[in-house]
1. Name the single residue, out of those in the stretch 32-51 being free of Cβ contacts under 8 Å to residues at least 24 places away in the same chain and not polar (S, T, N, Q), that is surrounded by the most Cβ atoms within 10 Å (Cβ to Cβ).
2. Run down GLN38, GLN47, GLN3, GLN24 and say which single residue is modelled with pLDDT under 95 and on the phi > 0 side of the Ramachandran plot.
3. Among the numbered criteria (1) open to solvent by less than 100 Å² (accessible area, probe 1.4 Å); (2) more than 23 Å from CYS13 (Cα to Cα), which one does ILE63 miss?
Amino acid sequence: MLQSKTIAAEVFCLNYKIDYNFLQKLHDYGVIETSNDQEEIVIPEEQLPILEKMVRLHVDMDINAEGIETIYFLLQKIEKMQQEITQLQNKLAFYES
């Protein structure tokens, strides 16, 4: 079984100069997933792009964790709607031809 690569939450926080509590809030709000690995909180590699995006919003625009939670879920809704639009356009193109 392949194990996914992870990064220690503490290391991430040190590299990005963010408070660990901010990371914990994002986890509590369901924005990111974390796991425990031998008494240490780790972040799966596939979570890093979204986490980096949320950290930039927090640092560059001074948006708190609650605001980031809202932004994250709105972005997910937009992405889902875009996928539905693409599917509908494909169906429409099929029936038009």
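1. Kept after step one, since they are free of Cβ contacts under 8 Å to residues at least 24 places away in the same chain, are these residues of the stretch 32-51: 32-33, 36, 38-39, 47, 49-50.
Still in the running and not polar (S, T, N, Q): 32-33, 39, 49-50.
Values: ILE32: 20, GLU33: 13, GLU39: 5, PRO49: 9, ILE50: 16.
So the residue we want is ILE32.
2. On the way: GLN47 fails: on the phi > 0 side of the Ramachandran plot; GLN3 fails: on the phi > 0 side of the Ramachandran plot; GLN24 fails: on the phi > 0 side of the Ramachandran plot.
The conditions single out GLN38.
3. In the conditions (1) open to solvent by less than 100 Å² (accessible area, probe 1.4 Å); (2) more than 23 Å from CYS13 (Cα to Cα), ILE63 misses (2) alone.
The values are calculated or read from the model by the stated rules, or taken from the named source; none is laboratory data. Because the structure is predicted, anything quoted here is derived from the model rather than measured. Please note: Cβ atoms are built from the backbone with ideal geometry, for glycine as well, and neighbour counts cover all protein chains shown. Surface accessibility is based on the protein's heavy atoms, side chains included, excluding ligands, DNA and RNA. Shrake-Rupley method; radii C 1.70, N 1.55, O 1.52, S 1.80 Å.
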